[in-house]
Amino acid sequence: MKKSMQRTLLFFLCVWIFVSCEGVFTTSLVEWAQRDPSQLSRSQKINFAQEALASGDKDSMKKAYEALKDTSDPSLQPLAAELAVGAAGVKDALATVLGKVAAGSTEEEIKSALQEAFESFSDADLTLITEAATLLASAESGGGTITADQYFITGVGLLVVALKDANGDVNQIDTSSGTGQMAIDLLTKAKDQFAPDSEAAKLLNDFSGYF
């Protein structure tokens, strides 16, 4: 069972952390960055955004996010949200937390990993995460398609925001209302995209249950 969980977590780490770029782009990220992304065409902004995500470079993701954050297009808002949490460094923190789960760590150790990650976030990072959640909510209202990883990464990010609301005490995160409740809601929506008896659904259910 433990090996099965580790394989599942390895899959999630590959899919969620090392996000691959869809399609082949003839213009390099460096060339995109030499121009103001906000002045690019819609298709160029999307290309730049996807390359920024694939690169894992926080500065590039922040530039791409700034170019897309004001979009009212529900088909683009999830992409903008993913850029925001990427620029905030949520994926790096996620690797540590999931690594603890994969290693068979206790709930206390997993919560401790989240608390340690919290200390690495700036107020600007937390603002980016909150904006990502707002974008996903807007995309939902407009009928946009949101992937499990977009729900999950933003949900984990919101747990960090909720941790700030709890004055840095991971055991005092309030998931019954406000930001904490929003975090669990997003994690639940990620889980619901998988079959109820799948390893992915069980993993997400266990993770949510820790808070």
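The values are calculated or read from the model by the stated rules, or taken from the named source; none is laboratory data. Everything quoted here is computed from the prediction, not taken from an experiment. Positions of Cβ are generated from backbone atoms using ideal geometry, with glycine treated the same way; all protein chains shown enter the neighbour counts. Protein only, heavy atoms only, side chains kept; ligands, DNA and RNA dropped before computing areas. Shrake-Rupley method; radii C 1.70, N 1.55, O 1.52, S 1.80 Å.
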*May I ask you to derive the FRET efficiency for residue 42 and residue 193 from their Cβ-Cβ distance with R0 = 41 Å, giving the value to the nearest 0.05?*
0.90
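Sort 118, 207 by accessible area with a 1.4 Å probe, largest first. Provide the component values of the computation, followed by the final result.
Details: 118 45, 207 5 Å².
Putting 118, 207 in descending order of accessible area: 118, 207.
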*Could you state the number of Å between the C-alpha centres of segment 39-102 and segment 109-166?*
13
*Anchor residue 45: lysines whose Cα lies under 19 Å away (excluding residues fewer than 8 positions away in-chain)*: 58, 62, 63, 69
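Please state the charge dipole magnitude for segment 103-211, taken about the Cα centre, from unit charges on C-beta atoms (+1 on K and R, -1 on D and E), reported in debye and rounded to the nearest 20. Walk me through the numbers on the way to the answer.
Numbers: 5 positive and 18 negative charges, 55 e Å.
It works out to roughly 260 debye.
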*For the residue pair residue 75 and residue 120, what label-to-label distance in nm results when each label sits 7 Å from Cα along the Cα-to-beta-carbon direction?*
3.6
*Return the loop-located GluC sites (Glu not before Pro) in segment 101-178 (DSSP other than H, G, I, E, B) with at most 15 other Cβ atoms within 10 Å of their own Cβ; answer none if there are none.*
119
*Round to the nearest 0.05 the FRET efficiency obtained for residue 147 and residue 177 when R0 = 25 Å and r is the Cβ-Cβ distance.*
0.40
*What lysines sit close enough to residue 111 to cross-link, taking a C-alpha to C-alpha distance under 17 Å and skipping anything fewer than 8 places away on the same chain?*
91, 100, 164
